[in-house]
Amino acid sequence: MRFVATADWQLGMAANFLEDDARPRFHQARLDAVRAIAAIAREHEAAFVVVGGDVFESNQLDRAIVARACEALAEFTVPVVLVPGNHDPLDAASLYDSAAFASRVPPHVRVLRDSEPVEVVPGVEVVGAPWFSKRPLTDLVAGAYGPLGPAPAGTTRVLVGHGAVSTLEPDQESAAVIDVPGLEAAIAEGRVHAAILGDRHSATEVATGIWYPGTPEVTARREVDPGHVLVVEVDESDRSVAVTRVRTGRWAFATIVADLLDEADVEELAATLAALPDKERTAAWIKASGSLSTRAKARLDQVLDEARDLFARLDHWWRHYDLAVVPEEAEFTGLGLTGFAEAAVGELVASARGDHEEAAVAQDALARLYQYTQALR
């Protein structure tokens with residue numbers, strides 16, 4: 001028995017961190033990922049698809065986003081089971097109860113609203129652990145499998161939930177953390193045979209038979225290798241579980257660490273940025289350290305300014321003492337400056353050599369001055 005497991009679609013994600021022109025591409029990519037999952041289900045002859053929570057970014061979305069999501073869901077040719085998570089809980093404002101969703105959702109798509117086992121195809125039951133608020137006070141997954149006895153003979157039972165697990169969650173005091181030993185015991189006892197969880201955006205095997213599929217399209221730079229779904233096979237003879245990761249994501253979030261000491265290092269960074277593929281679908285963050293001359297800093301600013309025109313986002317973070325700019329006397333000689341202008345440059349040079357916050361302002365000002373003077377030559 002084979003099915004596709006996925007989670008954390010977060011359709012309608014605002015993506016305010018992207019450039020304005022990149023956001024529509026990012027929104028479309030998330031819908032394209034849903035269609036890719038439909039194609040994967042067909043290609044692998046999956047019997048059904050489960051989505052472990054956070055199908056939507058929130059319960060307050062424009063109806064056009066909901067309509068486009070339902071249009072993408074219509075491309076599936078097998079049952080699709082949705083389990084609400086913390087982004088789209090079954091609360092009083094639930095998107096799943098809205099007219100925008102109810103009037104358009106395809107008949108083969110089912111939202112699980114409780115933990116009663118549901119036969120999605122002959123011989124397979126899905127047990128959901130839906131969220132009813134953004135901050136549950138109990139382990140919802142344990143609440144789902146707790147009342148269950150062993151699955152009927154010849155029936156495979158899949159549990160689908162959402163949330164952090166006890167073996168990976170730093171907040172051990174949270175009552176909502178999913179108890180992994182308890183879930184393992186439920187699998188060993190045959191109450192469920194596999195568990196699919198949402199919330200962690202990287203595909204992760206928690207324990208035998210317990211998996212996070214991860215998000216099918218990247219959402220944040222801290223995620224480790226996102227952009228996959230799982231094709232899950234359960235052996236009907238011994239209920240063993242085999243999982244294959246299948247790539248769906250087309251976007252990339254990259255962090256580039258650079259040690260910049262001279263112009264050659266700046267050119268190496270420029271080459272690194274130039275070599276990144278699909279820049280229109282890439283957000284990159286640069287973390288730099290080192291010490292540059294004003295001339296080299298001016299070249300760095302030029303590289304970053306030009307690259308921003310190509311990337312979905314290009315940003316950097318460093319403090320003035322992480323990447324110091326040390327002006328060289330020769331860089332500002334021969335400019336023909338006199339009087340007030342000459343004195344101002346002298347003050348900037350002196351200030352730029354300090355280790356205070358104003359040094360960063362002086363360093364940027366000198367770099368811009370250097371760029372300007374070079375452009376006039």
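Couple of notes before you dig in:
- Between Val66, Val361, Val177, the residue with the greatest mean-square fluctuation in the GNM of the chain (Cα pairs under 10 Å linked by springs) is Val361.
- Summing Cβ point charges (Lys, Arg +1; Asp, Glu -1) relative to the Cα centre of the chain gives a dipole of roughly 1020 debye.
- Net charge of neighbours whose Cβ lies under 13 Å from the Cβ of Leu260, counting Lys and Arg as +1 and Asp and Glu as -1: -4
- Check: the range 156-216 dipole with +1 on Lys, Arg Cβ and -1 on Asp, Glu Cβ, in debye: 300 debye
- Potential lengthening of the chain between Asp278 and Ala220 amounts to 19.2 nm, from the contour at 0.36 nm per residue minus the alpha-carbon distance.
- Three-way shape label, the range 199-241, alpha-carbon gyration tensor, a/c 1.5: prolate
- Whole-percent carbon and sulfur share, accessible surface of the range 106-161, 1.4 Å: 58 percent
- Theoretical FRET efficiency, 1/(1+(r/R0)^6), r = Cβ-Cβ of Arg247 and Val118, R0 35 Å, to 0.05: 0.75
- Electrostatic bookkeeping for Gly209 treats Lys and Arg as +1 and Asp and Glu as -1; over the other residues with beta carbon under 14 Å from its beta carbon, the sum is -3.
- Candidates Ala33, Ala203, Ala350: whichever shows maximal mean-square fluctuation once the chain is modelled as a Gaussian network with Cα springs under 10 Å: Ala350
- Calculated diffusion of the range 1-160, Stokes-Einstein form, Kirkwood radius summed over Cα pairs, 25 °C and 0.890 mPa s, µm²/s: 150 µm²/s
- Average accessible surface area per residue within the range 69-144, 1.4 Å rolling probe, Å²: 45 Å²
- The range 234-302 shape via C-alpha gyration tensor axes, a/c threshold 1.5: prolate
- For the range 191-291, size of Cβ-based charge dipole, Lys and Arg +1, Asp and Glu -1, in debye: 500 debye
- Computed from the C-beta positions of Asp179 and Phe340 and an R0 of 56 Å, the FRET efficiency is 0.20 to the nearest 0.05.
- Distance between the 7 Å Cα→Cβ label points at Arg135 and Arg23: 2.8 nm.
- Degrees between helix 263-275 axis and first principal axis of the chain (Cα, 0 to 90, nearest 10): 30 degrees
- For the peptides 256-264, 298-306, 157-165, 44-52, the ranking by mean Cβ contacts within 10 Å, running from highest to lowest, is 157-165, 44-52, 298-306, 256-264.
- An ellipsoid equivalent to the range 95-153, defined through the eigenvalues of its Cα gyration tensor, has semi-axes of 24, 19, 5 Å when rounded to whole angstrom and sorted largest first.
- On Cα atoms only, tilt of 294-308 relative to the major axis of the chain in degrees: 40 degrees
- Label positions at Asp235 and Ser103, each projected 7 Å from the Cα along the C-beta direction, are separated by 5.1 nm.
- Helix 63-73 axis, angle to the chain major axis (alpha carbon atoms, nearest 10°): 60 degrees
- Label point 7 Å beyond Cα of Ala188 along Cβ direction - residues of the range 196-229 with amide nitrogen under 16 Å: 207-210
- Taking the Kirkwood radius as Rh and the Cα radius of gyration as Rg, the chain has a ratio of Rg/Rh equal to 1.14.
- Helix-only CD estimate at 222 nm, as mean residue ellipticity for the chain, using -39500 (n - 2.57) per DSSP H run (n ≥ 4): -9500 deg cm²/dmol
- Gln60-Ala93 pseudo-label distance in nm [points 7 Å out on the Cα-to-Cβ vector]: 0.4 nm
- Over 19 Å [Cα-Cα, the range 142-267], rounded percent: 57 percent
- Shown here are the Rg and Dmax of the Cα trace of the range 4-85, at 12.9, 40 Å.
- Size descriptors for the range 76-215: radius of gyration and Dmax over Cα atoms are 14.9, 42 Å.
- For the chain, DSSP calls about 30 percent of its internal beta bridges antiparallel.
The values are calculated or read from the model by the stated rules, or taken from the named source; none is laboratory data. Small disclaimer: the values here were computed from a predicted structure and weren't measured. So basically every Cβ, Gly included, is an ideal-geometry build from the backbone, and we count neighbours across all protein chains shown. Please note that ligands, DNA and RNA were not included when accessible areas were found on the heavy atoms of the full protein model with its side chains. Shrake-Rupley method; radii C 1.70, N 1.55, O 1.52, S 1.80 Å.
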